[in-house]
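The values are calculated or read from the model by the stated rules, or taken from the named source; none is laboratory data. Quick caveat: nothing in here was measured; it's all calculated off a predicted structure. Here the Cβ positions follow ideal geometry from the backbone for every residue, glycine too, while neighbour counts run over all protein chains shown.
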Amino acid sequence: MTMALDIQQLCVFSDAQRLVHDIALQIPAGTSLTLLGESGSGKSLLAQAIMGNLPAPLQCSGTVRIGAHQSDARLQKARHSLWGRQIGLLPQEPWLALDPTMTVERQIAETYALVSHPPADSQNDTLRAAKLQARSLAQSALQGLGLQTAAKKYPHMISGGMAQRVAFLATHAAGARMMIIDEPTKGLDSDRRDEVVQLLKTALAEGIGLLAITHDVALARSLGGRIAVMLNGRIVEQGSADEILDRPQHEYSRRLFAADPANWPSYQRRKTDAANPEVVVRIENVAKRFGKQQLFSDVGAVIRKAELVSISGPSGSGKTTLGNIVLGLIKPDQGRIERSSGLSRIAFQKIYQDPGAAFAPSISIRRSLQDVVELHKLDWQVVSALLARLRLQPALLDRLPSQVSGGELQRFALARVLILKPVLIFADEPTSRLDPITQQATLELLAEHARECQCAVLLVTHDREIAKHLADRELSLQ
Amino acid sequence: MTAYTDSSAPLPSSGRRFSLVSRRGAGIVLLTLIAVFAIFGPWLIAIDPARQELSRFLESPSWAQPLGMDQLGRSMLARLAHATRLSLSMAVLGVLSAAIPGTLIGVAAAWRGGWIERVLTALADAVLALPGLLLVLLLAAFAPGQFWPLYVGISLALWVEYFRVVRAASHILLASPQVEASRLLGFNTIYLLRRHLLPVLLPRIFTLMRFGFAGAVLAMSALGFVGVGLQPPTPELGVMMIELLPYYSEAPWLIGAPVLVLFMTLLGLVLLAREEEAA
């Protein structure tokens, strides 16, 4: 069997330290390898080392063979000529990699015209022929993935899942036999995830070798093939998907798979109606549109004290907008939001998808929390007790928000709203950027503390499993 | 290669930090020297900058007169000290009186939005459409030969860029999650300004001020040249450059002196900049 990718003894290091240790991977043509690991485990460095575009102070050693081309890993430039033709990289959030000023068909045709079939000389006839041929190739490629309706559209007019397929076609148009795919399901709901899996399976059937880098265990499961688990720059476990997923040997892999939302223990659901009649907010016939697009209409719901309600719906259905309307940040076009009387101005709080964006970047976390304590004349003792319960080290307080990990910062954000004893917390995809282990820990803390202080939670998540396991009930948007 | 350590975060490289410190240090030293020269120079040198000794015109530098004498036999060092004091203080005044209102109006426009913003933006566009020189000439027509139209005109022409930069940046900041979170937490306007807006805006305003400073000095000299601004024999950097330009081949050090003072001031200001905005 021919190897699409074969790497031996690959190390990545900077002057001071070794970041990726002694990696050996083989990917035969037509098979996939899923590289699982948390952020900071060195997955992306490994991909950059294979492509040969490590950031300047980093170096690598070992050997890399892409198709028939063998090279010493440290000669990174030698692999640049293989880009597109032999090896392709589908970046994270590929819709950002598309040119917003070009139609889908032209972007794909461009690769066909300029990379895969370069004109023999610059004579106009040849160039024109190449362009014409490229267009028909692009059209048939789009047709192959069911994208013919999107051909004349611009990237902002198509959905995230379609954009991903378009980016895949553009990357693949030059005929690379090996593809590295970075976090293909980041931020996608399960329907979109199935689309991506379908796309990758089509690629496998064509005999392309795939290296998928992800922390999404569900993707690894549905893709099959082989799985490698990476921790602190080392591959701690490698084997076939069934074998690893069913009988993980390494302690870290076990924790990683247990943290997959599908494997969470179910929480005790509460009966919400008569037992706890205290209504926090009443949503009546709310409707909202952005420009021509009607997000939702006639949404009505009642949220009671201390319940955890998840808002579900496909991407673009206005889940975040509904939450912001409940918070009073956006005015609905129709209908009304009725807060229960006697609630203070700060009774409704929000937790953000990207905790880094929700803190003032230039001041320490301690300062941010201290400001809240001083403003509302609270006791710092309450904060330190809460931080201890959220398992946050006091030493982290003196760092800037950019100097702590996403999971830690999200817990600080949780602490910041909890000290105000809110009545309702709107959590907008609070863990979609965190790896599974951190995600589970953070969400459990959120649920536990909210229940403890009798606070209602409105949770937006694209992951049905999380909603199913965590929420008392579901509020569905069509 | 050294042993593996647990943290994968790149270590801050000490070499870079050192050069940054010395860079800013050099800027501070340079500006302090110029400030000392401007503030104490005229008093220490104690020579009347207008006293002429026509027999000593274009005299070469000597121990008594380190910068020599100018075309009318006036002490170049004394004139340079007075000129530095006058030009730099006028430039500081002009830049501050453009930056402070420009910034405040910019934040206000982004904050309030609606018709207030439209009116202010239209006003700024109107000022932008009018050449700065024309504005000063118009004002100077009201009060010929006086100092204030010069200063008011320069400020009026300069505030627009602060307004535009601040308004654009504030728009983005005010819509950001960090400001939204602080509002939900109950913080007031002053806090949002102090913690969220100013830390981002100040470095940009400072960059504009550095270049605006140079622009103000050159604008004043240009106005002197067309006969509206300060007139000889007032010792002012721009006026001196114009006066001494005809003698550049006989006495290049004369024209070189005011140019060097201006250059050093700007160099000091550029060196003060933080590393990330230096590019």
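So that you can scan it fast, the table gives a plain yes or no per residue for (1) more than 18 Å from B:Pro149 (Cα to Cα); (2) of a type in the set (A, V, I, L, M, F, W, C):
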{"site": "B:Val95", "(1), (2)": "no, yes"}
{"site": "B:Arg112", "(1), (2)": "yes, no"}
{"site": "B:Trp115", "(1), (2)": "yes, yes"}
{"site": "B:Val119", "(1), (2)": "yes, yes"}
{"site": "B:Ala126", "(1), (2)": "yes, yes"}
{"site": "B:Ala129", "(1), (2)": "yes, yes"}
{"site": "B:Leu135", "(1), (2)": "no, yes"}
key: Residues located in segment A:433-463, provided they are crowded, with 19+ Cβ neighbours inside 10 Å and either in a strand (DSSP E or B) or at positive phi (or both)   = A:Ala456, A:Val457, A:Leu458, A:Leu459, A:Val460
request  = Six or more apart or on different chains, Cβ under 6 Å: which pairs go from a residue in segment A:175-186 that's within 11 Å of A:Asp216 (Cα to Cα) to one that's assigned to a strand (DSSP E or B) and of a type outside the set (A, V, I, L, M)? Could you list them?
outcome  = A:Glu183/A:Thr214
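Give the residues of segment A:390-406 that are part of a helix (DSSP H, G or I) and either under 15 Å from A:Ser368 (Cβ atoms) or free of Cβ contacts under 8 Å to residues at least 60 places away in the same chain (or both), sorted by residue number. Spell out the reasoning first.
Here is the first cut: in segment A:390-406, the ones part of a helix (DSSP H, G or I) are A:394-398, A:401-403, A:406.
Correct list: A:Pro394, A:Ala395, A:Leu396, A:Leu397, A:Asp398, A:Pro401, A:Ser402, A:Gln403.
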request  = Being more than 28 Å from B:Leu267 (Cα to Cα) and part of a helix (DSSP H, G or I) is the filter; apply it to segment B:12-65 and report the residue that is modelled with the highest pLDDT.
outcome  = B:Ser55
inquiry  = Quick check on segment A:8-47: of everything there that is more than 14 Å from every other protein chain (Cβ to nearest Cβ) and not in a strand (DSSP E or B), which residue is farthest from A:Arg177 (Cα to Cα)?
reply    = A:Ala47
ask   = Within segment A:235-258, is there a residue that is under 21 Å from the mean Cα position of the chain (by Cα), crowded, with 18+ Cβ neighbours inside 10 Å, under 30 Å from A:Ser81 (Cβ atoms) and touching a residue at least 24 places away in the same chain (Cβ under 8 Å)?
value = no
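Going through segment B:263-279 one residue at a time, which ones are modelled with pLDDT under 85 and either surrounded by fewer than 17 Cβ atoms within 10 Å (Cβ to Cβ) or in a helix (DSSP H, G or I) (or both)? Break it down stepwise before answering.
Keep residues of segment B:263-279 that are modelled with pLDDT under 85, which gives B:266, B:269-279.
If the condition is that a residue be modelled with pLDDT under 85 and either surrounded by fewer than 17 Cβ atoms within 10 Å (Cβ to Cβ) or in a helix (DSSP H, G or I) (or both), then B:Leu266, B:Leu269, B:Val270, B:Leu271, B:Leu272, B:Arg274, B:Glu275, B:Glu276, B:Glu277, B:Ala278, B:Ala279 are the ones that fit.
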request  = Name the one entry in B:Ile154, B:Ile105, B:Ile190, B:Ile100 that is part of a helix (DSSP H, G or I) and within 14 Å of chain A (Cβ to nearest Cβ).
outcome  = B:Ile190
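Any chance you could count how many residues in segment B:190-217 are free of Cβ contacts under 8 Å to residues at least 24 places away in the same chain and not charged (D, E, K, R)? Break it down stepwise before answering.
Our first condition is that a residue be free of Cβ contacts under 8 Å to residues at least 24 places away in the same chain; within segment B:190-217, this holds for B:190-192, B:194-196, B:198-199, B:202, B:211.
With the extra rule that they be not charged (D, E, K, R), the set shrinks to B:190-192, B:196, B:198-199, B:202, B:211.
Looking only at that region, the number is 8.
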request  = Filter segment B:193-239 down to the residues that are within 14 Å of another protein chain (Cβ to nearest Cβ) and of a type in the set (D, E, K, R), then identify the one that is surrounded by the most Cβ atoms within 10 Å (Cβ to Cβ).
outcome  = B:Arg195
inquiry  = Out of everything in segment A:55-70 that is buried (at least 19 other Cβ atoms within 10 Å of the Cβ) and aliphatic (A, V, I, L, M), what residue ends up being nearest to A:Ala176 (Cα to Cα)?
reply    = A:Ile66
request  = Please give the number of the condition A:Leu409 fails out of (1) touching a Leu at 6+ places or on another chain (Cβ under 6 Å); (2) within 14 Å of chain B (Cβ to nearest Cβ); (3) of a type in the set (A, V, I, L, M, F, W, C).
outcome  = (1)
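A quick yes/no check of all residues on (1) more than 21 Å from A:Val423 (Cβ to Cβ); (2) assigned to a loop (DSSP other than H, G, I, E, B); (3) more than 8 Å from chain B (Cβ to nearest Cβ):
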| position | (1), (2), (3) |
| --- | --- |
| A:Asn324 | no, no, yes |
| A:Ile330 | no, yes, yes |
| A:Arg336 | no, no, yes |
| A:Ser344 | no, yes, yes |
| A:Gln353 | yes, yes, yes |
| A:Gly356 | yes, no, yes |
| A:Ser362 | yes, yes, no |
| A:Val372 | no, no, no |
key: Subset of segment B:220-238 (residues that are modelled with pLDDT of 80 or more and not charged (D, E, K, R))   = B:Pro235, B:Leu237
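Can you tell me which of A:Ser344, A:Ser362, A:Ser315 is surrounded by fewer than 16 Cβ atoms within 10 Å (Cβ to Cβ), under 25 Å from A:Leu386 (Cα atoms) and touching a residue at least 24 places away in the same chain (Cβ under 8 Å)? Give the derivation first.
Numbers: A:Ser344 fails: touching a residue at least 24 places away in the same chain (Cβ under 8 Å); A:Ser315 fails: under 25 Å from A:Leu386 (Cα atoms).
Answer to the selection: A:Ser362.
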task = Being surrounded by fewer than 19 Cβ atoms within 10 Å (Cβ to Cβ) and among the small types (Gly, Ala, Ser) is the filter here, so list the residues in segment A:464-478 that pass it.
result = A:Ser476
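For segment A:19-33: of the residues being over 19 Å from A:Gly67 (Cα atoms) and within 27 Å of the chain's Cα centre (by Cα), which is surrounded by the most Cβ atoms within 10 Å (Cβ to Cβ)? Break it down into steps so the answer makes sense when it comes.
To start, the set of residues in segment A:19-33 that are over 19 Å from A:Gly67 (Cα atoms) comprises A:19-22.
Checking the rest, the ones that are also within 27 Å of the chain's Cα centre (by Cα) come to A:19-21.
Values: A:Leu19: 23, A:Val20: 26, A:His21: 16.
Among residues in segment A:19-33 that are over 19 Å from A:Gly67 (Cα atoms) and within 27 Å of the chain's Cα centre (by Cα), the one surrounded by the most Cβ atoms within 10 Å (Cβ to Cβ) is A:Val20.
Scan segment A:60-82 and tell me whether some residue there is within 27 Å of the chain's Cα centre (by Cα) and assigned by TED's automatic domain parsing to the domain that holds A:Arg254.
In the first step, residues of segment A:60-82 are kept if they are within 27 Å of the chain's Cα centre (by Cα); the result is none.
No, there is no match, as no residue in segment A:60-82 is within 27 Å of the chain's Cα centre (by Cα) and assigned by TED's automatic domain parsing to the domain that holds A:Arg254.
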ask   = Do you know which of the residues in segment A:98-134 that are surrounded by fewer than 19 Cβ atoms within 10 Å (Cβ to Cβ) and touching a Lys or Arg at 6+ places or on another chain (Cβ under 8 Å) is modelled with the lowest pLDDT?
value = A:Ser116
